[in-house]
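Below is one structure, written out as structure tokens; comments come after it.
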Amino acid sequence: MKPHVARKRFGQNFLVSPGIVAKIVEAIRPQANDVVVEIGPGLGALTLPLLARAGRLEAIEIDRDLIARLRERFAADRLDIHEGDALQFAFSGLGPDLRVVGNLPYNISTPLLFHLAACAERVRDMHFMLQREVVERMVAAPGGAEYGRLSVMLQYRFEMERLFLVPPGAFNPAPKVESAVVRMIPRPRAALAATDEALLEEIVKSAFAQRRKMLRNTLRERLSEEDWAALGIAPTRRAEELAVGDYVRIANRLAEAGIT
Ligand code: SAM
């Protein structure tokens with residue numbers, strides 16, 4: 001079989017470091033009977049050791065050439081390949097208690113994280129390799145330039161931990177940037193305090209759309225001076241200065257008042 005030529009449009013950077021593969025699998029600790037779902041198995045660098053531990057694997061892959069290779073290499077009753085776009089994939093259909101993993105295509109990582117957040121209730125945990133800069137935005141604390149919509153919405157839904165960094169040389173072709181592995185564990189439903197999550201999302205989006213402006217201006221259409229006073233938040237503050245809990249309180253006040 002001819003060697004596979006990595007496709008840029010599918011964000012293909014294949015893991016070639018056995019040490020990093022082992023470290024990722026060790027972090028995941030797959031057990032027999034776990035429902036492990038791999039996004040973008042590619043040439044199978046993670047697939048093989050995951051299968052060895054879990055016994056079975058679900059995988060979502062978009063590249064037909066890679067799917068043909070994977071089907072030759074792995075029996076269908078062990079590796080169930082769903083051909084298609086992970087951004088459109090209905091993860092919930094695979095059952096509850098999913099363990100989602102992947103060395104993600106970096107070009108779609110942000111929309112993919114939002115797509116996965118929407119089905120977090122069916123997930124036990126997720127382990128992803130991403131661009132280091134994206135992981136830093138995910139886990140960022142308020143106050144800095146890295147803290148944004150991605151940080152607020154993902155921290156609302158998940159506990160997240162940056163596990164370790166991965167240098168470009170661990171991949172072929174080597175990306176231009178450093179990578180990092182992140183662990184995401186969904187918070188239990190009861191711990192999610194927003195009464196209207198769609199409204200929370202809207203507010204966070206509006207606030208960060210012009211992150212340098214005062215909240216008084218960016219959220220002018222929704223919140224009055226009286227609302228800011230009741231919330232105990234100075235309306236002169238900027239989006240990046242508010243904690244996740246502040247956004248939840250804003251959304252809940254508006255939900256209570258029937259403002260959507
Ligand atoms: N897991 C392999 C590894 O670690 O070597 C490959 C990782 S590579 C960074 C990303 C993989 O995701 C590729 O196999 C690529 O074809 C696949 N991919 C890209 N876009 C995708 C999409 N929208 N849906 C599903 N898979 C996708």
Check: What nm distance separates the two modelled labels at M214 and A141, each placed 7 Å from Cα along Cα→Cβ?
Finding: 2.7
Notebook entry, point to check: Against the longest alpha carbon principal axis of the chain, how many degrees, from 0 to 90 and to the nearest 10, is the axis of helix 64-73 turned?
Noted result: 50
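How high is the relative contact order of the chain? Use alpha-carbon pairs under 8 Å, at least six apart in sequence, and give a whole percent.
On the way: 418 pairs, mean separation 41.3, N = 260.
About 16 percent, as a whole number.
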Checklist line | Within-12-Å neighbourhood charge of A251 [Cβ basis; K, R +1; D, E -1] | finding: -3
Next item on the list: Work through the residues other than G93 whose Cβ is under 11 Å from its Cβ and net out their charges, Lys, Arg +1 and Asp, Glu -1.
Entry: 0
Notebook entry, point to check: Along the principal axes of its C-alpha atoms, what lengths does the chain span, in descending order and rounded to whole Å?
Noted result: 68, 37, 29
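Can you list the GluC sites (Glu not before Pro) in the stretch 166-260 that are in a DSSP coil and have 12 or fewer other beta carbons within 10 angstrom?
Values: sites: E178, E197, E201, E202, E221, E225, E226, E240, E241, E256; in loops: E178, E221.
Answer in residue order: E221.
Just to be sure I understand: of the beta bridges DSSP finds with both ends in the chain, what percent are antiparallel, rounded to 5?
Beta bridges within the chain, antiparallel portion: roughly 50 percent.
Taking square-rooted eigenvalues a ≥ b ≥ c of the alpha carbon gyration tensor, is the stretch 1-123 rounded, prolate or oblate, where a/c under 1.5 means rounded and, failing that, a/b exceeding b/c means prolate? All intermediate terms of the calculation are to be shown ahead of the outcome.
On the way: a/c = 1.38, a/b = 1.12, b/c = 1.23.
Rounded shape, in that the Cα axes give a/c under 1.5.
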Margin query: Compute, for the chain, the length of the dipole vector about the Cα centre, with Cβ point charges of +1 (Lys, Arg) and -1 (Asp, Glu) only. Units Debye, rounded to 20.
Written below: 640
Next item on the list: Could you compute the FRET efficiency for A75 and E178, with r as their C-beta to C-beta distance and R0 at 30 Å, rounded to 0.05?
Entry: 0.25
Next item on the list: May I ask you to list the trypsin sites (Lys or Arg not before Pro) in the stretch 143-252 that are in a DSSP loop and have at most 12 other Cβ atoms within 10 Å of their Cβ?
Entry: K176, R212
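A short reminder: the numbers here are calculations on the coordinates, not readings from a lab. Because the structure is predicted, anything quoted here is derived from the model rather than measured. Cβ sites come from the backbone with ideal geometry, for glycine too, and all protein chains shown count toward neighbours.
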